[in-house]
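Worksheet: the structure to be examined is printed underneath.
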Ligand SMILES: C[S@@+](CC[C@H](N)C(=O)[O-])C[C@H]1O[C@@H](n2cnc3c(N)ncnc32)[C@H](O)[C@@H]1O
């Protein structure tokens, strides 16, 4: 199986993680909060928010609070409920949003549970409508750059990769639990075609405990020319991260919960970074915009389906060349937007 996946930005897999010159990242309390994560497509998100009615925007992937701060800075009629399942992200965002304490609230939760989160924060939301939900998917730069989290092959660290480090299975535990076929399937679904079986065999047999162990096993499983072409370790790390954090199911539940929470004319704004995620978002919004109608276009709709949303446009919004030059992470960003229709 060949891959059409657009990979999340990581540096060259070969040997970087071994480099002693890389400085471990600081904990959020010692970081300039702006350094935690440079958000993408900020102007586009702010413009969309300026057109929303007065109410609450749920930032379902708060991260370091960059998007939330931009919304609060520029759109006086909005308040923000920020959600993240990573304690370090919530701490960084809390520090960034102190000046907006009366217009913001931070919740510890997964966006898969958005309905419950909104109900639990009813005292903050009050009678205000939820006029927007923002989902900026994937991991933050801080998560990738923190050597202790095990997200990156650039640092040798325990093989963890959990966004919520307080619960669930680490990547090392997942590798020890899943079957050979499940591992191969995981790698293939995330873009590793040719060497998926060889990698799965070597990694399962080697039982890696650290990111360094994993890189060595992956490198040992693929021929040298394939290693030189790079990206094999990137794909394996991304596949494991997605599985450890149950990202596919979380996204499915998160999209539905977000749409259910929106008031009529509210906007669902989703930024994704790889093709699997973008396909899921596109198809979710498309189904809403057609009301689930699958009548042949040449016949017109005869099934009576009722559209539930209108979408910004068929293609995703991309970052400008200028933004990509100043923030390489923006290169793979795809923004899709849908507005809930009044019924
Ligand atoms: C790309 S970062 C968001 C950055 C943020 N927009 C900013 O301006 O700093 C993605 C964030 O979403 C969080 N996240 C990912 N999946 C999540 C989920 N299912 N529920 C809650 N937070 C999640 C991650 O922990 C990470 O902090």
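Identify, please: which residue in the range 43-78 is within 8 Å of the ligand (Cβ to nearest atom) and in contact (Cβ under 8 Å) with a residue 40 or more places away in the chain and is, among those, surrounded by the most Cβ atoms within 10 Å (Cβ to Cβ)? Once the filter is applied, the top-ranked residue is 62.
Applying the set (1) buried (at least 18 other Cβ atoms within 10 Å of the Cβ); (2) at pLDDT below 95 to residue 262 leaves exactly one unmet item: (2).
Considered as a group, the residues in the range 214-258 that are in contact (Cβ under 8 Å) with a residue 24 or more places away in the chain and out of contact with any helix residue (DSSP H, G or I) (no Cβ under 9 Å at 6 or more places or on another chain) include one that is surrounded by the fewest Cβ atoms within 10 Å (Cβ to Cβ), and that residue is 228.
Okay, residues lined up against (1) within 16 Å of the ligand (Cβ to nearest atom); (2) at pLDDT 95 or above; (3) on the phi > 0 side of the Ramachandran plot:
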residue: 107; (1), (2), (3): yes, yes, no
residue: 112; (1), (2), (3): yes, yes, no
residue: 118; (1), (2), (3): yes, yes, no
residue: 121; (1), (2), (3): yes, yes, no
residue: 153; (1), (2), (3): no, no, no
residue: 180; (1), (2), (3): no, yes, no
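Under the condition of being within 30 Å of residue 343 (Cβ to Cβ) and either more than 16 Å from the ligand (Cβ to nearest atom) or part of a helix (DSSP H, G or I) (or both), the residues counted in the range 223-268 number 19. Number of residues in the range 182-193 that are at negative phi and not in a helix (DSSP H, G or I): the value is 3.
Among the residues of the range 269-282, is any in contact (Cβ under 8 Å) with a residue 40 or more places away in the chain and either outside the structural domain of residue 80 (by TED's automatic domain parsing) or in a loop (DSSP other than H, G, I, E, B) (or both)?
Within the range 269-282, one or more residues are in contact (Cβ under 8 Å) with a residue 40 or more places away in the chain and either outside the structural domain of residue 80 (by TED's automatic domain parsing) or in a loop (DSSP other than H, G, I, E, B) (or both).
The set of residues in the range 123-143 being more than 14 Å from the ligand (Cβ to nearest atom) and closer than 27 Å to residue 273 by Cα consists of 130, 131.
Scan the range 125-158 for residues that are assigned by TED's automatic domain parsing to the domain that holds residue 251 and without any contact (Cβ under 8 Å) to a residue 24 or more places away in the chain and report the count. Going through the range 125-158 one residue at a time, the tally reaches 2. The residues in the range 148-172 that are in contact with a helix residue (DSSP H, G or I) (Cβ under 9 Å, 6 or more places away or on another chain) and in a helix (DSSP H, G or I) can be counted, and the count is 3.
The values are calculated or read from the model by the stated rules, or taken from the named source; none is laboratory data. Remember, it's a predicted structure, so these values are computed and weren't measured experimentally. Please note: Cβ atoms are built from the backbone with ideal geometry, for glycine as well, and neighbour counts cover all protein chains shown.
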